[in-house]
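**Student:** Following this message is one structure expressed as structure tokens.
The values are calculated or read from the model by the stated rules, or taken from the named source; none is laboratory data. This is a predicted model, so every value here is computed, not measured. Cβ coordinates were reconstructed from backbone atoms using ideal geometry, including for glycine residues, and neighbour counts include every protein chain displayed. For accessibility, only protein heavy atoms count, side chains too; no ligands or nucleic acids. Shrake-Rupley method; radii C 1.70, N 1.55, O 1.52, S 1.80 Å.
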Amino acid sequence: MNKNALYAEIELKGYSIKEFLGEIKMNRSTWNKKVRGINEFTRGEIVKVVNALNLTPDKMIAIFFCDKVS
């Protein structure tokens, strides 16, 4: 996951983190665990984020599926 790109999109859309978490209905501790990589985002949570930020498919992939594999 590309945490920096996700935070950039949140800021570009004019959300504070508190407002954004209210929009996607996620509490702060859950959010922190997910962006730190402790827990993974579920498919439903990714859909909520994509819809709230109006992300293109390319941006969604760049944010959530950017891990490189060898």
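**Student:** Name the residues in the range 1-29 that are over 21 Å from C66 (Cα atoms) and either in a helix (DSSP H, G or I) or in contact with a His (Cβ under 8 Å, 6 or more places away or on another chain) (or both), would you?
**Tutor:** Correct list: I17, K18, E19, F20, L21, G22, E23, I24, R28, S29.
**Student:** Could you list all residues from the range 45-63 that are assigned to a loop (DSSP other than H, G, I, E, B) and either surrounded by 12 or more Cβ atoms within 10 Å (Cβ to Cβ) or among the hydrophobic types (A, V, I, L, M, F, W, C) (or both)?
**Tutor:** L55, the sole residue that qualifies.
**Student:** Every residue in the range 21-44 that is in contact with a Leu (Cβ under 8 Å, 6 or more places away or on another chain) and surrounded by 12 or more Cβ atoms within 10 Å (Cβ to Cβ), please.
**Tutor:** Hits for the range 21-44 are W31, V35.
**Student:** Against the condition modelled with pLDDT of 95 or more and either on the phi > 0 side of the Ramachandran plot or outside any helix (DSSP H, G or I) (or both), how does N39 come out, does it pass? Before the answer, list the steps.
**Tutor:** On the way: modelled with pLDDT of 95 or more: yes; either on the phi > 0 side of the Ramachandran plot or outside any helix (DSSP H, G or I) (or both): yes.
Judged against the criteria, N39 is a match.
**Student:** Going through the range 1-16 one residue at a time, which ones are open to solvent by 40 Å² or more (accessible area, probe 1.4 Å) and out of contact with any Cys (no Cβ under 9 Å at 6 or more places or on another chain)?
**Tutor:** We begin by selecting, within the range 1-16, every residue open to solvent by 40 Å² or more (accessible area, probe 1.4 Å); these are 1-4, 7-8, 11-16.
K3, N4, Y7, A8, E11, L12, K13, G14, Y15, S16, listed by residue number.
**Student:** For the range 13-48, give me each residue that is in contact (Cβ under 8 Å) with a residue 24 or more places away in the chain and aliphatic (A, V, I, L, M).
**Tutor:** I24, V35
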